[in-house]
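The block underneath contains the structure these notes are about, expressed in structure tokens.
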Amino acid sequence: MSPAQPTGDPAPADGLLPAGAGAEAAARTLSLYVHVPYCTVRCGYCDFNTYAAEEFSDGVGRLTYADDAVRELRFAAEVMERSGGLGRPLHTVFFGGGTPTRLPAEDLARILRTGVELFGIEDGAEVTTEANPDSVTREDLETLRDAGFTRVSFGMQSAVPRVLEVLDRTHTPANVPKVVDWAKELGLQTSVDLICGAPGETLEEWETSVRAAIGYAPDHISAYSLIVEPGTKLAAQIARGEHVPVDDDTQADMYQLADELFAGAGYHWYEISNWSTGPATRSRHNLAYWRNQDWWGIGPGAHSHVGGVRWWNLKHPLPYANRLREGVSPAAAREHLEAETRYTEEIMLGARIADGLPVERLRPAGREATGWLLGQGLIEAGELERGLVRLTLRGRLLGDAVVRELLAD
């Protein structure tokens, strides 16, 4: 993941983790995230760390990215070893962006192979790449499968051309079912991403997209409500009155409609914005995030979390690459997570997943709040009797409010 960077302490040039990180890491799985920051066009709603440029100065660019990613992987393996042998076989691997498939498929394969050579990988591990439906061929998918990729997540966003235009998405909607079919024919698991609530989008248009996604029969569907982030092109367009945002009630109607249609088609929610055909087709990589496991993030702006320490890389590809070529950490800053931060994140993330948050993990005020939440129809009675907090549909719509109650002092 590559969100906006917080302020932290200076990161050491050698990247070494502090004493005690080994004990923290022993109880967690280790995942690998590879952030590929290159896109053909930067979408108007996007606030991720992405670049449409092909090349920067000093020979740094899209076609040299794999070399630098491999350098960071080797640096990571050395840091793990020198910090007390923290390396473990990889639990999951995820290539995100940006558009990972803007790189040649063999580059993605080389990065994966290097990670596996350095850390090993668990039997049956999930290895995913995101892909733009216009930037991948059947041959690319075959190369990725042969290299060890097991899953592809396609950026569909909408099946309605007008909505795609508002979002500045340039892919051809007709390519989505084609690439999903290619991936399935090759034995890869498939996922499609949808975005609801684009400015001006109607409930009928949203239903068209949901039904289209279901019709492609992927193993997994993500459906995210659009958040208009400050500083994006879309935010500026709304400020100028060029687009009118969808109101909260319509967003809620869209979510409820999607959940109903997904359930009717055999998809089960397992996280507020994610549905799968069953436990075997859930995104295990994202579950590792929601369960506060360890991961090393490769690439400009990527975030990492290992042994109770979180850090984030320099955002721009040029200084990121130059630091690695000098043999020093590309991290911009880092923080050691205090107990209060860890507790807050455990509750915030744990409440989002359908497996439920153990009541025993809550502080007294949070446990007391479960009675009120139950009375408001926000959590399930049967699960609470079993000692778990599990959101109802209404609770999912009001998830932030539920978390505030669970974190009450």
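The values are calculated or read from the model by the stated rules, or taken from the named source; none is laboratory data. If you're wondering where the values come from, they're calculated on a predicted model, not measured in any experiment. Quick reminder, even Gly has a Cβ in these numbers, built from the backbone with ideal geometry, and neighbours come from all protein chains shown. SASA here: full protein model, heavy atoms, side chains in, ligands and nucleic acids out. Shrake-Rupley method; radii C 1.70, N 1.55, O 1.52, S 1.80 Å.
Per DSSP helix of 4 or more residues, -39500 (n - 2.57); summed, then divided by the residues of the chain. What does that give at 222 nm, rounded to the nearest 500? Present the calculation step by step, with values, prior to reporting the outcome.
Working: 16 runs with 161 residues, N = 409.
Estimated from H runs of four or more residues: -11500 deg cm²/dmol.
Going by a ≥ b ≥ c, the root eigenvalues of the Cα gyration tensor, does segment 183-334 fall in the rounded group (a/c under 1.5), the prolate group (a/b larger than b/c) or the oblate group? Mind dumping the intermediate values first?
Details: a/c = 2.36, a/b = 1.37, b/c = 1.72.
Oblate shape, in that a/c is at least 1.5 and b/c is the bigger or equal ratio.
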Averaged per residue, what accessible surface does the chain expose to a 1.4 Å probe, in Å²?
41 Å²
Let me know the shape class of segment 263-370, please: from the alpha-carbon gyration tensor, a ≥ b ≥ c as square roots of the eigenvalues, rounded when a/c is under 1.5, otherwise prolate if a/b is greater than b/c, or oblate.
oblate
Report, to the nearest whole %, how much of the accessible area of segment 338-409 belongs to carbon and sulfur atoms, 1.4 Å probe, protein only.
50 percent
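At a 1.4 Å probe radius, carbon and sulfur cover how many percent of the accessible area of segment 19-290? Write out the running numbers ahead of the final one.
Working: 5450 of 10710 Å².
Summing carbon and sulfur atoms, their accessible area is 51 percent of the total for segment 19-290.
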For GLY200, list long-range residues whose amide hydrogen, built 1.01 Å from N in the peptide plane, is under 5 Å from its own amide hydrogen.
VAL244, VAL246
What lysines does LYS233 reach when the alpha-carbon gap must be under 23 Å and sequence neighbours fewer than 8 apart in one chain are set aside?
LYS315
With a 4.7 Å Cβ cut-off, tell me which Cys residues in the chain come up empty for a partner.
CYS39, CYS196
Of THR190, LEU32, VAL179, which is farthest on the positive side of the dipole of segment 19-290, counting Cα position, with +1 on Lys and Arg Cβ, -1 on Asp and Glu Cβ, and the Cα centre as origin?
LEU32
Segment 231-288 and segment 120-153 have their Cα centres apart by a whole-number Å value of 24 Å
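I need the trypsin sites (Lys or Arg not before Pro) found in segment 173-241, filtered to DSSP loop residues with at most 16 other beta carbons within 10 Å of theirs. List each step's numbers first, then the result.
Details: sites: LYS178, LYS184, ARG211, LYS233, ARG240; in loops: ARG240.
The qualifying sites are ARG240.
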When the convex hull of its Cα atoms is projected in every direction, mean area for segment 19-290 (nm²):
15.6 nm²
Over the residues of segment 63-149, compute the C-alpha Rg and express it relative to 2.2 N^0.38 Å.
1.12
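Counting only other residues whose beta carbon sits under 10 Å from that of ARG138, what net charge do I get with K and R as +1, D and E as -1?
Numbers: positive: LYS178; negative: GLU139, ASP140, GLU142, ASP181, GLU185.
After counting each charged neighbour, the total is -4.
Please list, by residue number, every one of the GluC sites (Glu not before Pro) in segment 110-145 that is coil in DSSP and has at most 11 other beta-carbon atoms within 10 Å.
Details: sites: GLU117, GLU122, GLU126, GLU130, GLU139, GLU142; in loops: none.
Sparse-neighbourhood loop GluC sites (Glu not before Pro): none present.
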Cα centre as origin, Lys/Arg/Asp/Glu Cβ charges: the chain dipole, Debye
500 debye
For segment 242-313, build the charge dipole from Cβ charges (+1 Lys, Arg; -1 Asp, Glu) around the Cα centre, then report which of TRP311, ASN286, ALA263 sits farthest towards its positive end.
TRP311
Counting Lys and Arg as +1 and Asp and Glu as -1 over every other residue whose Cβ sits under 14 Å from the Cβ of ALA280, the net charge comes to +1
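What is the ratio of the Cα radius of gyration of segment 338-409 to 2.2 N^0.38 Å, with N the residue count, to two decimals? Display every interim value, and only then the final one.
Working: Rg = 10.8 Å, N = 72, 2.2 N^0.38 = 11.2 Å.
So the Cα radius of gyration is 0.97 times the expected 2.2 N^0.38 Å.
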Relative contact order for the chain, counting Cα pairs under 8 Å that sit 6 or more residues apart, in percent:
18 percent
Summed residue charge, Cβ within 11 Å of LEU318's Cβ, Lys/Arg positive, Asp/Glu negative
0
Suppose accessible area is computed on protein heavy atoms with a 1.4 Å probe; arrange ILE214, ILE111 from highest to lowest.
ILE214, ILE111
Take every DSSP beta bridge whose two residues both sit in segment 19-290, then give the antiparallel share in percent to the nearest 5.
20 percent
DSSP loop (so not H, G, I, E, B), at most 15 other Cβ within 10 Å: list which GluC sites (Glu not before Pro) in segment 1-94 pass both filters.
GLU54
